[in-house]
Amino acid sequence: MKRYLVGNLKMNPVSFEQAEGYLKAFGKEMSGKDLKGTETIVAPPSVYLERFGRSLPVGVSLAAQDVFWEEEGSYTGQVSPCMLRDLRVGFVLVGHSERRLYAHETDAEVGWKVRASLKEDLRPILCVGETAEDREQGGVVAAVSGQVTEAFRDVSSAEAEKVIIAYEPRWAIGTDRTPETDEILEARAVIRQAISVLYGPETADRIPILYGGSVKVPLLEKVCFAPSMDGVLVGRESLQPHELAMMSEIIDAYRPDAQK
Ligand code: PGA
């Protein structure tokens with residue numbers, strides 16, 4: 001399966017000038033790289049989508065950080081899937097933990113966003129993951145499989161295959177703490193099982209599952225390769241164009257059989 005590297009810039013950069021600087025530096029870092037097996041995707045704030053869409057390095061795709069579930073109308077402050085489509089956006093983060101936390105996004109709303117994105121031919125990058133409390137109380141399976149099941153409600157199996165899932169334990173985001181390889185493997189199995197129940201094991205095998213939360217170059221073995229993830233979702237570290245480009249190269253070069 002193809003691998004994915006998603007850079008979520010969060011609420012950065014903070015000026016047009018900084019955005020230009022980022023694009024210039026990232027373009028330089030990616031130049032000459034021919035990464036056939038890895039799709040690199042960058043998610044800037046919505047106000048910079050148009051600018052990034054014009055200048056991202058060849059082969060790098062554009063994602064939005066959020067989307068609303070309606071197409072148009074009286075929804076002040078929201079951005080609709082068809083508006084994103086028009087900006088050459090191919091992917092959209094849905095249900096990121098910072099949206100769940102600060103915008104109080106519910107599992108049901110996340111599901112509406114997944115469906116609205118698919119309708120407009122945007123590929124959702126669905127973020128799921130347990131809180132620290134869930135983990136302490138032995139509630140990882142219930143939290144993660146519940147989020148997956150709700151997000152795929154009323155999604156056909158053909159549509160489901162367009163979704164990318166990112167397992168992002170909430171306590172690992174922005175904290176410099178990461179789960180053990182075994183814990184990631186376990187979460188991967190929980191997600192796969194939840195999809196299998198809905199669509200069968202073949203479809204489940206075709207849906208990429210990434211890891212996200214405090215990812216850095218030296219952690220790729222632990223959080224991506226060892227637990228056989230299909231890529232990573234990188235937050236803060238993606239603000240360093242050099243690090244993001246290096247990750248794309250390492251992920252693309254990784255050959256599971258050669259390492260054993
Ligand atoms: P982080 O963020 O890498 O800064 O922990 C991850 C994310 O945005 O999902």
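The values are calculated or read from the model by the stated rules, or taken from the named source; none is laboratory data. The model shown is predicted, which means the values in this text are computed figures rather than measured ones. All Cβ positions, even for glycine, are placed from backbone atoms using ideal geometry, and neighbour counts span all protein chains on display. Surface areas here come from the heavy atoms of the whole protein model, side chains and all, with no ligands, DNA or RNA. Shrake-Rupley method; radii C 1.70, N 1.55, O 1.52, S 1.80 Å.
Computed values, structure above
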{"read-out": "Every pair of residues 6+ apart whose Cβ atoms lie under 8 Å, when the first sits in segment 36-52 and is in contact (Cβ under 8 Å) with a residue 12 or more places away in the chain while the second is surrounded by fewer than 15 Cβ atoms within 10 Å (Cβ to Cβ) and outside any strand (DSSP E or B)", "value": "Gly37/Lys2; Thr38/Lys2; Glu39/Lys2; Thr40/Gly59; Pro45/Met11; Tyr48/Phe16; Arg51/Phe16; Arg51/Glu20"}
{"read-out": "Checklist (1) touching a strand residue (DSSP E or B) at 6+ places or on another chain (Cβ under 8 Å); (2) open to solvent by 20 Å² or more (accessible area, probe 1.4 Å) applied to Glu161, failing item", "value": "(1)"}
{"read-out": "Residue list for segment 195-250, filter: of a type in the set (Gly, Ala, Ser), open to solvent by less than 10 Å² (accessible area, probe 1.4 Å) and more than 14 Å from the chain's Cα centre (by Cα)", "value": "Ala204, Ala245, Ser248"}
{"read-out": "Top-ranked residue of segment 88-121 - restricted to ones that are closer than 18 Å to Val47 by Cβ and open to solvent by less than 20 Å² (accessible area, probe 1.4 Å), ranked as farthest from the ligand (Cβ to nearest atom)", "value": "Val89"}
{"read-out": "Criterion: part of a helix (DSSP H, G or I), closer than 24 Å to Val155 by Cβ and away from the ligand (no atom under 15 Å from the Cβ) - qualifying residue of Glu249, Glu202", "value": "Glu202"}
{"read-out": "Qualifying residues in segment 212-225 (those that are more than 10 Å from the ligand (Cβ to nearest atom) and touching a strand residue (DSSP E or B) at 6+ places or on another chain (Cβ under 8 Å)) - the one nearest to Met1 (Cα to Cα)", "value": "Cys224"}
{"read-out": "Residue identified as within 15 Å of the ligand (Cβ to nearest atom), open to solvent by less than 20 Å² (accessible area, probe 1.4 Å), among the small types (Gly, Ala, Ser) and touching a His at 6+ places or on another chain (Cβ under 9 Å) among Ala187, Ala166", "value": "Ala166"}
{"read-out": "Single match in Gly129, Gly138, Gly174 (criterion: within 16 Å of the ligand (Cβ to nearest atom) and exposed (fewer than 15 other Cβ atoms within 10 Å of the Cβ))", "value": "Gly174"}
{"read-out": "Hits in segment 226-242 - residues which are more than 11 Å from the ligand (Cβ to nearest atom) and out of contact with any Ser or Thr (no Cβ under 6 Å at 6 or more places or on another chain)", "value": "Ser228, Met229, Asp230, Gly231, Gln240, Pro241, His242"}
{"read-out": "Subset tally (residues that are in a helix (DSSP H, G or I), farther than 19 Å from Val114 by Cα and among the hydroxyl-bearing types (Ser, Thr, Tyr)) for segment 150-183", "value": "1"}
{"read-out": "Failed criterion for Glu186 (all others in (1) over 16 Å from the mean Cα position of the chain (by Cα); (2) in a loop (DSSP other than H, G, I, E, B); (3) under 19 Å from Arg135 (Cβ atoms) hold)", "value": "(2)"}
{"read-out": "Every residue from segment 1-55 that is small (Gly, Ala, Ser), within 16 Å of the ligand (Cβ to nearest atom) and farther than 13 Å from Gln240 by Cα", "value": "Ala43, Ser46"}
{"read-out": "Segment 221-241 residues that are in a strand (DSSP E or B), paired with ones that are away from the ligand (no atom under 14 Å from the Cβ) (beta carbon under 6 Å, 6 or more apart)", "value": "Gly231/Arg3"}
{"read-out": "Residue match in segment 11-26 (condition: touching a Ser or Thr at 6+ places or on another chain (Cβ under 6 Å), under 25 Å from Gly77 (Cα atoms) and modelled with pLDDT of 95 or more)", "value": "no"}
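Rundown of residues vs (1) within 17 Å of the chain's Cα centre (by Cα); (2) closer than 19 Å to Ile209 by Cβ, yes/no style:
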position: Ala64; (1), (2): yes, no
position: Glu70; (1), (2): no, no
position: Ser74; (1), (2): no, no
position: Ser80; (1), (2): no, no
position: Leu87; (1), (2): no, no
position: Glu105; (1), (2): yes, no
position: Leu118; (1), (2): yes, yes
position: Glu130; (1), (2): yes, yes
